[in-house]
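**Q** Here it is, the structure, as structure tokens.
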Amino acid sequence: MTPGAAETGPGSVPPMSRPHFRRAMAAFVLVALAFLALGADWRTPPPGEGPETIPVQRIDGEGYVAVNDLARILDATKFWRADVRKLVLRVGPHTMVFTVGNPFVLVDDATYWLGVPVRSKGGEVHVPVALVDSLPVDSTLARLIYDGRRNRVVVLPASGIVGSPRFTLTEEVTRLVFPAERADEAVVVTRARAHFRVRFSGVFIGALPDSMPAPSLVRAIRPIASAGGSAFELAVDPGARGYRLLQDVDARRVTLELSRSGGEGYEEFAPQDPKGERRLHVIVIDPGHGGGDAGVVSSEVAEKDLTLTLARLLEAELEGQGVRVVLTRSDDLDLAPEARAEIANRVGADLMISLHFDGYVDPRARGATAYSPPASVAEGRSRLEAGTASGAPAAASRVTLLPWRDVSTRHAVQSRALAEAVLSSLELRGLGPTRLREHLPCELLGVNAPGILLECATLTASQDRERVTQEAGLKQLAATMAQGVAAYRRNE
């Protein structure tokens with residue numbers, strides 16, 4: 001942690017009423033259409049990630065799920081009555097009764113028509129996929145939805161779903177309204193115009209437009225991979241001057257507004273360099289603390305030990321990208337900020353990443369925070385120098401002298417881009433929440449290169465601490481950070 005940086009069974013089955021049947025089938029059709037609509041995009045997640053699914057089989061052209069798969073995904077107990085060819089599934093307080101050859105299912109005390117009969121195939125009972133729309137909705141039962149595009153039944157996470165965005169356009173403002181069951185968990189991940197990213201905790205089941213009308217400040221929108229949720233990347237028109245994210249928890253919707261004039265209530269976009277691959281030959285990794293300075297200590301876990309272990313893992317990941325990596329310390333040694341800066345400058349660092357872990361009094365606080373020199377200051381200085389060089393009036397001399405301690409501010413725009421890239425990688429991997437602070441930390445004083453100080457996780461948060469104190473969790477963190485550095489390098 002950086003000093004001073006912390007902020008705060010059944011009998012016979014009666015027929016179902018006609019209105020009840022119509023409502024059930026209408027809901028099922030709407031869900032199916034949402035998946036089949038053009039643009040509906042489910043990115044295949046890496047193994048072990050994303051929502052759990054079960055396959056849908058085709059029997060005489062109709063969709064069915066095997067009861068064994070259904071029981072597994074619902075964590076249900078099965079009871080088979082061979083004399084009457086009935087199968088009973090019990091999940092907590094709920095009971096489902098299926099009869100082979102019968103198109104009706106009894107769920108608790110309600111009867112539903114499934115359109116086609118329950119079948120037996122290969123000695124196993126198969127249930128029409130329409131069942132997923134008839135299951136009770138409560139905390140004791142997994143929420144299922146049919147993904148017609150991939151022909152699978154998907155288990156929805158507790159965070160629910162995210163629907164198709166609705167666009168509203170005026171000459172001044174472009175609005176995107178996303179239906180989202182957990183609107184409070186939506187977050188802007190990256191605020192660069194070329195790669196503006198918004199992340200939701202729910203599963204996306206909607207459709208995205210193929211093109212945008214002329215007045216729109218959104219040139220394109222596409223889904224991107226996100227562990228345990230959904231994320232979208234927008235290409236924002238250069239004419240946009242500000243944005244804001246409005247979370248309406250009661251209405252279950254999130255509105256993203258882009259404005260041509262910006263102003264009060266709107267946030268600015270991140271300053272950017274021209275596109276093109278960035279030069280990265282030498283990266284300096286600075287494991288924070290060391291020696292007599294243990295940093296944050298929580299449940300006998302010392303920050304200084306974790307930063308060094310993570311630094312070595314990150315070193316291996318970055319060297320795999322063909323980059324030379326230099327560590328400011330390779331053992332339990334306490335270094336002054338000046339010594340760390342001297343190492344970075346002596347080897348001609350193209351980047352410096354100072355590793356730390358956070359700690360808060362509030363045990364609910366968690367996640368990662370990146371600190372970078374204020375990019376707005378650097379951008380203003382660049383405009384001033386450009387104006388002077390072109391002969392325009394300026395209030396400063398043609399030669400701008402910077403104190404040694406502030407030399408890293410001349411790289412603030414690139415530092416901000418690095419912070420955005422690394423935090424975006426962490427957030428999309430589900431290692432957030434993340435925060436970015438434009439503040440020059442002492443670890444970057446005198447460093448003549450782009451750099452960030454990264455509080456990689458919060459040791460005082462049990463969830464974070466458990467993850468980063470396991471070998472697999474720390475390796476995942478290092479790999480995710482390296483992916484962020486690679487994205488910074490590509491500068492697409």
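The values are calculated or read from the model by the stated rules, or taken from the named source; none is laboratory data. Remember, predicted model here, so these are calculated numbers, not experimental data. We place every Cβ from the backbone using ideal geometry, glycine too, and count neighbours over all the protein chains shown.
**Q** Go through the residues of the stretch 111-133 one by one and say whether even a single one is touching a His at 6+ places or on another chain (Cβ under 7 Å) and modelled with pLDDT under 85.
**A** no
**Q** Starting from the stretch 140-154, take each residue that is in a strand (DSSP E or B) and list its partners that are hydroxyl-bearing (S, T, Y), counting only C-beta distances under 6 angstrom and pairs at least six apart or across chains.
**A** Going by the 6 Å Cβ cut-off, the qualifying pairs are R152/T53; V153/Y146; V154/T53.
**Q** Please verify whether V177 is within 26 Å of W80 (Cα to Cα), modelled with pLDDT of 90 or more and crowded, with 17+ Cβ neighbours inside 10 Å, treating the condition exactly as stated.
**A** no
**Q** Tally up the residues in the stretch 438-476 that are charged (D, E, K, R) and more than 19 Å from the chain's Cα centre (by Cα), please.
**A** 5
**Q** Which residue out of G291, G265 is under 30 Å from T168 (Cβ atoms) and surrounded by fewer than 17 Cβ atoms within 10 Å (Cβ to Cβ)?
**A** From the options G291, G265, the qualifying one is G265.
**Q** Pairs only if they're at least six apart or on different chains, beta carbon under 7 angstrom, first in the stretch 335-352 and within 22 Å of V485 (Cα to Cα), second charged (D, E, K, R) and at pLDDT 95 or above; list them, first residue then second.
**A** Close Cβ pairs satisfying both conditions: R340/D286; M352/D286.
**Q** Evaluate the stretch 106-123: report whether one residue or more is under 30 Å from V236 (Cβ atoms) and outside any strand (DSSP E or B).
**A** No: the stretch 106-123 contains no residue that is under 30 Å from V236 (Cβ atoms) and outside any strand (DSSP E or B).
**Q** I want to confirm something. Restricting to the stretch 443-464 and keeping residues that are out of contact with any Phe, Trp or Tyr (no Cβ under 9 Å at 6 or more places or on another chain) and crowded, with 19+ Cβ neighbours inside 10 Å, which single residue is farthest from R279 (Cα to Cα)?
**A** Once the filter is applied, the top-ranked residue is V447.
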